[in-house]
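Here is the structure we will look at, set down as structure tokens.
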Amino acid sequence: MKLVSFTTAKDEERLGLVVNDAIVDLANAAAKLSISLPFTMAEFLNGEKRLMDRAHSVHKKLADGVADLFVEKNARLLAPVPHPTSCRDAYAFRQHVATARRNRGLEMIPEFDQFPVFYFTNHHGIVGPGEVVVESDHLQQLDFELEVAIVIGRGGKNITANEADDYIAGFMVMNDLSARVLQMDEMKLSLGPAKGKDFATAVGPWLVTPDELQGHLVPSSSGNRYDLAMKAFHNGRQVSDGNLSQMNWTFAEIIERAAYGVQLFPGDIIGSGTVGTGCYLELNGTWGIEAKDRGESFTPVWLKAGDSITLEVTGLGQLTNTIAKSAEDRSILAKKRPVRS
């Protein structure tokens, strides 16, 4: 089942269902079948398994032609979960971490293999498909990051890895957009990324429930893994190629870590972190080393205003965003104080 959030022609936010490649207003479709469902994704997720089961029932009847299909023709897709309760992003792909560190002349950090780590980003900065408006400083080495995100569908605390997969409402493509100059400046202070990340995180185009991915399951003793090809296309040119099965920490293990001593809520988003080859920070370093070995010059590649970036994951669809520069041309980089002697 594929769930979406969309706005109507009257600019009303609604919860939708994708049936036969068409968007259906889920609450309205359910009402015609004498089933009660809420109008928004937040209310729906708060109903946990009870409402998810109702949605599956509606989806089956619509897909089987038992009920009439009333298509929303003027729907504009939002982020599937447009108002998440929180947003964490993990660091689960060893290839990405090791390569990015190697390209900066650093050894692989041994703690990566000891426990899964994540950071919090701005859950009010979540965007869906379409235009992403950024400031001038964000365009200083603006990068994409090819990821998959889960959405928590059941509240819980101290969740163990062997039960954690049951807490996942669904999966979606995630682009953790990153302003690298801002990020690298602030991370020298050892508090992790802040302004380099908080301006926009794109997710979409829909939330795919776990049952849709059963055919891609990979046997694992530490939670479910999925064989899902992951690709990125910059202005139509493929630049990344990875697979979700390459996660060194499963979502179940990440949930266990995140839920230790903390209540997780329906609507919490948790990203996988970047797949190997899944960002220009990693790719530019690799391409630069290869060019140097050939005795050639190399100019790093970054996203620019007017560019499109499409992330594609098997079973989860394509998330396409276009970069647009804000009309306000203010810079916080220009306001940095000089280093004190």
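Taken together, 44, 115, 93 contain a single residue that is modelled with pLDDT of 95 or more and farther than 24 Å from residue 316 by Cα, which is 115. The residues of segment 199-215 that are buried (at least 18 other Cβ atoms within 10 Å of the Cβ) and in contact (Cβ under 8 Å) with a residue 60 or more places away in the chain, listed by number, are 199, 200, 201, 202, 203, 204, 205, 206, 207, 208, 209, 213. Applying the criterion of being exposed (fewer than 13 other Cβ atoms within 10 Å of the Cβ) and touching a residue at least 40 places away in the same chain (Cβ under 8 Å) to the residues of segment 108-123, the residue that is farthest from residue 265 (Cα to Cα) is 113. The conditions are (1) of a type in the set (A, V, I, L, M, F, W, C); (2) surrounded by fewer than 16 Cβ atoms within 10 Å (Cβ to Cβ); (3) not assigned by TED's automatic domain parsing to the domain that holds residue 126, and residue 26 fails exactly one of them. Which is it? For residue 26, the failing item is (2). Could you tell me whether any residue of segment 291-298 is of a type in the set (S, T, N, Q), more than 28 Å from the chain's Cα centre (by Cα) and either closer than 27 Å to residue 226 by Cβ or assigned by TED's automatic domain parsing to the domain that holds residue 226 (or both)? Yes.
Scanning segment 55-107 for residues that are surrounded by fewer than 15 Cβ atoms within 10 Å (Cβ to Cβ) and either of a type in the set (A, V, I, L, M, F, W, C) or farther than 28 Å from residue 201 by Cα (or both) yields a count of 14.
Look at (1) more than 21 Å from the chain's Cα centre (by Cα); (2) at positive phi; (3) modelled with pLDDT of 95 or more and you find that residue 38 fails only one, number (2).
Considering only residues in segment 1-28 that are touching a helix residue (DSSP H, G or I) at 6+ places or on another chain (Cβ under 6 Å) and of a type in the set (A, V, I, L, M), the one that is farthest from residue 65 (Cα to Cα) turns out to be 15.
For segment 211-226, a residue qualifies if it is among the charged types (D, E, K, R) and outside any strand (DSSP E or B), and the qualifying residues are 211, 212.
The values are calculated or read from the model by the stated rules, or taken from the named source; none is laboratory data. Computed from a prediction, not measured in an experiment: that's the story for all the values here. A quick note on method: Cβ atoms are made from the backbone with ideal geometry, for glycine too, and the neighbour counts reach across all protein chains shown.
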